[in-house]
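Right, one structure below, let's go through it.
FYI, it's all coordinate maths here, none of it is from the lab. Treat the numbers as computed from the prediction; the structure is a model and nothing was measured. Reconstructed Cβ throughout: ideal geometry from the backbone, glycine too, with neighbour counts over all protein chains shown.
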Amino acid sequence: MILAFAGRRVDAPGAEPPRFPLANVDLVRTRVRALLQASSATAIVSSAACGADLIALGEAGALGLRRKVVLPFSRDRFRNTSVTDRPGNWGPVYDKILDEAADVIILEESPDDDAYLAANRVILEATVAWMNEFHEPGGAVLVWDGKSKVEQDFTEKFGIEARRKRLEVFEVRTL
C-alpha cells in the first residue's frame, strides 16, 4: 500500500489547545509504525515538517519503504519556517531524511498559505501516480488530534481532498 501522509506539527510552547505536545512524539511514532506495518505499506509520500511528517518519513525509512518528499518551497526556507521553529531537535532529522531521500519535489516559492495547499495536492497526486505505476492500493493518513482548527486547517483539507480522490483515509491521533 502506498500512503500519503499529512498532519500536525509539534505544538509551539504554550499552545492552546494542545494539538501535538512534544511529550507525545514517542507515542505518535509507535502509532505511525504500527499503521505502516498493519497496512503493509511499501511507500509513503509526505512533506517534511517537524512532527507528523518527519516521524512518518523516519519510520518509513527504518522499515525500508520508498519515500517521496514534497516541499512547498526551498529546502532552507522550509527548514526555517516549518522544522526548526518548534521545540525538539528536528533540524538534524530533517537534514538526514532529505539527504537520504531519492525523490524530493520542491515547488515554486510562494509567500502565503497557497504553497501548503499546493504541496498537499502534489502529495496526493504523487501517491496516486505511484499507485498506478506500481499497481498497488493506496490511502491517506491524517496524523492529528481529530479536531479542525478555527483558522486554516491544512490537515483537515488534506483529508477532504484525499476522500475526493477516493483514497481510504486512516487517522493516527496525536493526543
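Just need the relative contact order of the chain here, percent rounded to a whole number, with Cα pairs under 8 Å and 6+ apart.
Numbers: 323 pairs, mean separation 52.8, N = 175.
Relative contact order here is 30 percent.
Using helices alone, what [θ] at 222 nm do you get for the chain, with -39,500 (n - 2.57) per DSSP H run of 4 or more residues, divided over all residues and rounded to the nearest 500? Don't skip to the answer; put the middle values down first.
On the way: 6 runs with 76 residues, N = 175.
Rounded to the nearest 500, it is -13500 deg cm²/dmol.
Please state the charge dipole magnitude for region 1-141, taken about the Cα centre, from unit charges on C-beta atoms (+1 on K and R, -1 on D and E), reported in debye and rounded to the nearest 20. The partial results should precede the final answer.
Details: 15 positive and 19 negative charges, 96 e Å.
The calculation lands at about 460 debye.
Grab the other residues whose beta carbon is less than 11 angstrom from that of A140, score K and R as +1, D and E as -1, and report the net.
That works out to +1.
Just grab the label-to-label distance for R77 and K96, each label 7 Å out from Cα along the Cβ direction, in nm (one decimal).
Roughly 2.8 nm, to one decimal.
If we count every other residue with Cβ under 11 angstrom of N24's Cβ, Lys/Arg +1 and Asp/Glu -1, where does the sum land?
On the way: positive: R8, R19, R29, R31, R173; negative: D11, D26, D145.
Cβ neighbours under 11 Å give a net charge of +2.
Debye calculation, C-alpha points only, no solvent: report log10 I(q)/I(0) for the chain at q = 0.14, 0.15, 0.19 Å⁻¹, in the same order as the q values.
Here log10 of I(q) over I(0) equals -0.66, -0.77, -1.34.
Can you find, among F170, A140, V150, the residue sitting farthest towards the positive end of the charge dipole of the chain, where Lys and Arg contribute +1 and Asp and Glu -1 at Cβ?
The residue sitting most towards the positive pole is F170.
Can you count the Lys pairs in the chain with C-alpha separation below 15 Å, eight or more apart or on different chains?
Numbers: K68/K96; K147/K157; K149/K157; K157/K165.
So the count works out to 4.
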